[in-house]
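The values are calculated or read from the model by the stated rules, or taken from the named source; none is laboratory data. Only a predicted model underlies this, so the values are computations on that prediction, with no experimental measurement involved. Note: ideal-geometry Cβ built from the backbone for every residue, glycine included; neighbour counts use all protein chains shown.
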Amino acid sequence: MLLENLNNQILKCEKCALCKTRKNVVPGEGSSKAKIMFIGEGPGKNEDEQGRPFIGAAGKLLDELIALIGLTREDIYIANVVKCRPPQNRDPLPEEVEKCRPWLDQQIEIIKPKLIVLLGRHSMDRFLPNQKISLDHGKPKRKNGQVYFPIYHPAAALYRNGLLEDLQRDFKKIPRVLEIMKKDRAVNNKEERAKQTDLGI
């Protein structure tokens, strides 16, 4: 109910200029009790038309990757850094990301995912700035008590040869990451929790 109420608020958002060019807001979809949350960059043309995340070619690939680890969309939650499509699929502007920041933060707070999978560089920049997706994909990191797992965006694998194998390999690590997290005792010291650390996989 909390998530549904929040998403209904997001549907009415007019905090930035994207509200003038969008057809539909795309809050996100999936289970409010998901252990894994996937966060992409922003809606594309198909998503803008239907108001649902990841339903184009990249979405089909994402569904296949999720099935690769024995899950479905009903088991996870999918959202984006920005909730409205940037015109011509351009990169989201910093001010647009900032205006959407509270919405995404509240979704994370309600869902409380154990693992957040960051799809692509824009999503990674939002949570793990100053890192490179080409170097840090497939490497889970704990920051402020939350575990993030940066991987390539499915759309990138559709257009760049060789990335699909990397993406499949990283996806297959997800169950192992969750297993390590289960064994890994929570750090109680606030100073230690604030640090960014690798989980060593």
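Being in contact with a Ser or Thr (Cβ under 8 Å, 6 or more places away or on another chain) and buried (at least 21 other Cβ atoms within 10 Å of the Cβ) is the filter here, so list the residues in the range 109-154 that pass it. The answer is 111, 150, 153. Scanning the range 63-82 for residues that are under 26 Å from residue 146 (Cβ atoms) and over 12 Å from the mean Cα position of the chain (by Cα) yields a total of 12. Go through the residues of the range 21-42 one by one and say whether even a single one is farther than 22 Å from residue 63 by Cα, aliphatic (A, V, I, L, M) and in contact (Cβ under 8 Å) with a residue 12 or more places away in the chain. The answer is no; no qualifying residue exists. Of all residues in the range 21-47, those being assigned to a helix (DSSP H, G or I) and either surrounded by fewer than 20 Cβ atoms within 10 Å (Cβ to Cβ) or at pLDDT below 95 (or both) number 2. So which residues in the range 118-153 are basic (Lys, Arg), farther than 16 Å from residue 36 by Cβ, over 12 Å from the mean Cα position of the chain (by Cα) and not in a loop (DSSP other than H, G, I, E, B), if there are any at all? The one that is basic (Lys, Arg), farther than 16 Å from residue 36 by Cβ, over 12 Å from the mean Cα position of the chain (by Cα) and not in a loop (DSSP other than H, G, I, E, B): 143. For the range 5-20, the criterion of being at pLDDT 95 or above, surrounded by 14 or more Cβ atoms within 10 Å (Cβ to Cβ) and touching a Ser or Thr at 6+ places or on another chain (Cβ under 8 Å) is met by none of the residues. Of the residues screened, residue 57 is not one that is surrounded by fewer than 18 Cβ atoms within 10 Å (Cβ to Cβ), among the small types (Gly, Ala, Ser) and without any contact (Cβ under 8 Å) to a residue 24 or more places away in the chain. Among the residues making up the range 87-117, those that are closer than 29 Å to residue 165 by Cα and assigned to a loop (DSSP other than H, G, I, E, B) are 90, 91, 92, 113, 114.
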